[in-house]
Amino acid sequence: MTRFSREELEAARDRLVPDVVADGLRVLFCGINPGLLTAATGHHFARPGNRFWPVLHLSGFTPRLFEPAEQRELLSYGLGITNVVARATARADELSHEEYVEGGRLLTEKVARLGPRWLAVVGVTAYRAAFGERTAQVGPQERTFGETRVWVLPNPSGLNAHWTAQTMAEEFARLRVAAQA
């Protein structure tokens, strides 16, 4: 992976990371917001300590471990990636409540336009903040967006010590099974 200086990463705060989306996906994964390395590379979940890509493979969503630079290949499996908030930050706690709420509004519009079968929000705290669901837990949600069902997944950040890669993969696999039904 290319190494970036602190200045290059800081400059990445102003870059938008394009969504990996198409109409009618099986699952649209939704991260909290891009990290600085993601913004610098243009590849979702690019930080080496992030467990999204390994967990996606361990859960059976992909036949092999993909690198962040291969993100567009997810579309061939009916999978996509977006974020609740588009602004890149070093840490999610730099986001304001207003950014989450506005991100939830924009995400609702995106889901209505794209019509995925499932929206998988990767991070229960982000889901709670974006949609005012203060008691939401990891797993399937009652909320729907039209025909789109919602599943909240654990945050794969290396900072989330409450979940191991294996326990995350088990939760991702539950979603995979539901999305195949």
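The values are calculated or read from the model by the stated rules, or taken from the named source; none is laboratory data. Predicted, not measured: the structure shown is a model, and the values here were computed from it. Please note: Cβ atoms are built from the backbone with ideal geometry, for glycine as well, and neighbour counts cover all protein chains shown. Protein only, heavy atoms only, side chains kept; ligands, DNA and RNA dropped before computing areas. Shrake-Rupley method; radii C 1.70, N 1.55, O 1.52, S 1.80 Å.
Among the residues of segment 146-167, the ones that are surrounded by 13 or more Cβ atoms within 10 Å (Cβ to Cβ), modelled with pLDDT of 95 or more and not polar (S, T, N, Q) come to 6 in all.
Right, PHE45: touching a helix residue (DSSP H, G or I) at 6+ places or on another chain (Cβ under 7 Å), aromatic (Phe, Trp, Tyr) and farther than 28 Å from VAL177 by Cα or not? Taking the combined requirement at face value, the residue does not satisfy it.
Selection of first residues in segment 140-158 that are free of Cβ contacts under 8 Å to residues at least 40 places away in the same chain and of second residues that are loosely packed, with under 14 Cβ neighbours inside 10 Å and part of a loop (DSSP other than H, G, I, E, B), restricted to Cβ pairs under 8 Å at least 6 apart or on distinct chains, gives the following pairs, ordered by first then second residue: VAL152/GLN137; PRO154/HIS162.
Condition (residue is under 24 Å from GLN180 (Cα atoms) and in contact with a Lys or Arg (Cβ under 9 Å, 6 or more places away or on another chain)) applied to segment 81-90: is it met by at least one residue? Within segment 81-90, one or more residues are under 24 Å from GLN180 (Cα atoms) and in contact with a Lys or Arg (Cβ under 9 Å, 6 or more places away or on another chain).
Taken together, ALA136, ALA40 contain a single residue that is in a loop (DSSP other than H, G, I, E, B) and either of a type in the set (D, E, K, R) or free of Cβ contacts under 8 Å to residues at least 40 places away in the same chain (or both), which is ALA136.
I need the full set of residues from segment 111-123 which are closer than 18 Å to LEU153 by Cβ, assigned to a helix (DSSP H, G or I) and among the basic types (Lys, Arg), in order please. Answer for segment 111-123, where residues must be closer than 18 Å to LEU153 by Cβ, assigned to a helix (DSSP H, G or I) and among the basic types (Lys, Arg): there is none. Considering each residue of segment 72-81 in turn, at least one proves to be out of contact with any strand residue (DSSP E or B) (no Cβ under 7 Å at 6 or more places or on another chain), modelled with pLDDT of 95 or more, open to solvent by 70 Å² or more (accessible area, probe 1.4 Å) and under 23 Å from THR144 (Cα atoms).
Do the conditions hold for TYR77, that is, is it aromatic (Phe, Trp, Tyr) and closer than 14 Å to VAL20 by Cα? Yes.
When segment 142-180 is filtered for residues that are under 14 Å from PHE61 (Cβ atoms) and out of contact with any Pro (no Cβ under 9 Å at 6 or more places or on another chain), the ones remaining, listed by number, are LEU153, GLU170, ALA173, ARG176, VAL177, ALA179, GLN180. For segment 91-145, filtered to residues that are among the aromatic types (Phe, Trp, Tyr) and either in contact with a strand residue (DSSP E or B) (Cβ under 9 Å, 6 or more places away or on another chain) or surrounded by fewer than 20 Cβ atoms within 10 Å (Cβ to Cβ) (or both), the residue that is nearest to VAL21 (Cα to Cα) is TRP118.
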